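Here the structure is laid out as structure tokens; the discussion comes afterwards.
The values are calculated or read from the model by the stated rules, or taken from the named source; none is laboratory data. Since this is a predicted model, take the numbers as computed values, not measurements. Cβ sites come from the backbone with ideal geometry, for glycine too, and all protein chains shown count toward neighbours.
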């Protein structure tokens, strides 16, 4: 009897195993890399992707998702897995992980066409700008601007260099929140001088001398502009540099960063225009990468900016991969949405130079975003106020050639002396700029002693910001 029971148990166990092994989700499950290889053969196409991207990723019911054409098949296979594809040639496709902050190039092109059709004249465009500004401020959480709180600037000693001076300054952009930067001034003259805001981008390094506003390229551009006759304020991103005395580095990757950085830029404008030696009718702004986003967003929101130079950031299909750039739904504003090219266009008809390169998301600017921008500027008859310098063989930085292009543009539109920074051969010479180390540029010193009222932690900052709404 016991043998019969044991036999039955074994038989049932085997049956259960057989049945479980035959479940459809098991029968049809295949690894994504194998499915993609099969798709290449079936449809005679070439797919490019990294092996690490598809490693250990499974697809359920892949063959049931196949259709008569390759693109529909790829959509059915990849989209449920949060992967996307982009056509790169007649029979070639690039497979990548879905990223909310970027879209296929063709979608950017179509979006620009749709946007243009919605404002056939300057009056319609001005109404569009007003609508976007209102929505931006609501999305960012700054509807009660301007902030009237005192800036209470904290100055360090002035350092004198060849043709310019520098001193570190901390300003209280809202009660208990301090923004640190370096104030560059021409060594001679009493003004009033033009002023330039200089936000920075996302360039990280273990060497603090190579991070944020402390980087040599940031110092070169600020000091050279000062030698040309401008007052320049170089200031740091939220949760970078000395702001780490108040928050953690991880807070930069939260939506709070976009709110604080926008507020900080507006308050830098307040600070510069409060200085008796600054001409508040001649204010420029320029930054690269994430600093480029700050450049065109500030220009879109504040008419006190008269000249802007966003560098390696203006794109219709890339929105910025940092929460400080796209962590709040500004791009979802209005029924037809918006993109960074349209936000940049809100500078119109004020002079703007867009600097782009061939090795990032600005690679299409000469044939896509720049023609769009010219059409927007043409609504005012001001096409001469929009320019593009495209460096096809360069990459994502604010290198010398990009700075040279910016110097010329700022000189023309802010009345700066470009000749003051040229050598005997007529070339721009930055060699007279002194590159300072990290500690020399600190407001609160190497020990980081903050004022007694300084807020500590992102939650405390959010509480104060909520009182501004």
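Here's the yes/no breakdown for (1) in contact with a helix residue (DSSP H, G or I) (Cβ under 7 Å, 6 or more places away or on another chain); (2) assigned to a loop (DSSP other than H, G, I, E, B); (3) touching a residue at least 40 places away in the same chain (Cβ under 8 Å); (4) farther than 23 Å from residue 257 by Cβ:
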position	(1), (2), (3), (4)
272	no, no, yes, no
279	no, no, yes, yes
286	yes, no, yes, no
291	no, no, yes, no
296	yes, no, yes, no
299	no, no, yes, no
315	yes, yes, yes, no
325	yes, no, yes, no
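Please give the strands (runs of 3 or more DSSP E) falling wholly within the range 154-227 in which 1 or more residues are in contact with a strand residue (DSSP E or B) (Cβ under 8 Å, 6 or more places away or on another chain) and within 22 Å of residue 290 (Cβ to Cβ).
Working: elements: 159-161, 164-174, 177-186, 193-198.
In the range 154-227, the matching strands (runs of 3 or more DSSP E) lie at 164-174, 177-186, 193-198.
Is it the case that residue 372 is in a helix (DSSP H, G or I) and touching a strand residue (DSSP E or B) at 6+ places or on another chain (Cβ under 9 Å)? Considered against the rule, which asks whether it is in a helix (DSSP H, G or I) and touching a strand residue (DSSP E or B) at 6+ places or on another chain (Cβ under 9 Å), residue 372 comes out as no. Scanning the range 383-400 for residues that are surrounded by 16 or more Cβ atoms within 10 Å (Cβ to Cβ) and in contact with a strand residue (DSSP E or B) (Cβ under 8 Å, 6 or more places away or on another chain) yields a count of 11.
Among the residues in the range 167-175, are any over 21 Å from residue 458 (Cβ atoms) and out of contact with any helix residue (DSSP H, G or I) (no Cβ under 7 Å at 6 or more places or on another chain)?
Within the range 167-175, the first condition is being over 21 Å from residue 458 (Cβ atoms), and the residues that meet it are 167-169.
Subsequent filtering for residues that are out of contact with any helix residue (DSSP H, G or I) (no Cβ under 7 Å at 6 or more places or on another chain) retains 167, 169.
Yes, the conditions are met somewhere in the range 167-175.
Exactly one residue out of 411, 420, 454, 405 is at pLDDT 95 or above, surrounded by 12 or more Cβ atoms within 10 Å (Cβ to Cβ), assigned to a loop (DSSP other than H, G, I, E, B) and in the same structural domain as residue 220 (by TED's automatic domain parsing): that is 454.
Which ones in the range 105-127 are in contact (Cβ under 8 Å) with a residue 24 or more places away in the chain and farther than 30 Å from residue 93 by Cα? Before the answer, list the steps.
Of all residues in the range 105-127, those in contact (Cβ under 8 Å) with a residue 24 or more places away in the chain come to 105, 107-109, 111-112, 114-116, 118-119, 121-122, 125.
Matches in the range 105-127: 118, 119, 121, 122, 125.
Across the range 94-105, not a single residue is classified as under 30 Å from residue 232 (Cα atoms), in a loop (DSSP other than H, G, I, E, B) and under 24 Å from the mean Cα position of the chain (by Cα). Filter the range 102-145 down to the residues that are in contact with a strand residue (DSSP E or B) (Cβ under 9 Å, 6 or more places away or on another chain) and surrounded by fewer than 17 Cβ atoms within 10 Å (Cβ to Cβ) and list them by number. Listed by number, the residues that qualify are 104, 106.
Suppose the filter is surrounded by 14 or more Cβ atoms within 10 Å (Cβ to Cβ) and over 26 Å from residue 409 (Cα atoms); does residue 178 pass it? If you could, list the steps in order and put the result at the bottom.
Working: surrounded by 14 or more Cβ atoms within 10 Å (Cβ to Cβ): yes; over 26 Å from residue 409 (Cα atoms): yes.
Judged against the criteria, residue 178 is a match.
Determine, yes or no, whether residue 445 is in the same structural domain as residue 177 (by TED's automatic domain parsing), in a loop (DSSP other than H, G, I, E, B), touching a residue at least 60 places away in the same chain (Cβ under 8 Å) and out of contact with any strand residue (DSSP E or B) (no Cβ under 8 Å at 6 or more places or on another chain). So residue 445 fails the test.
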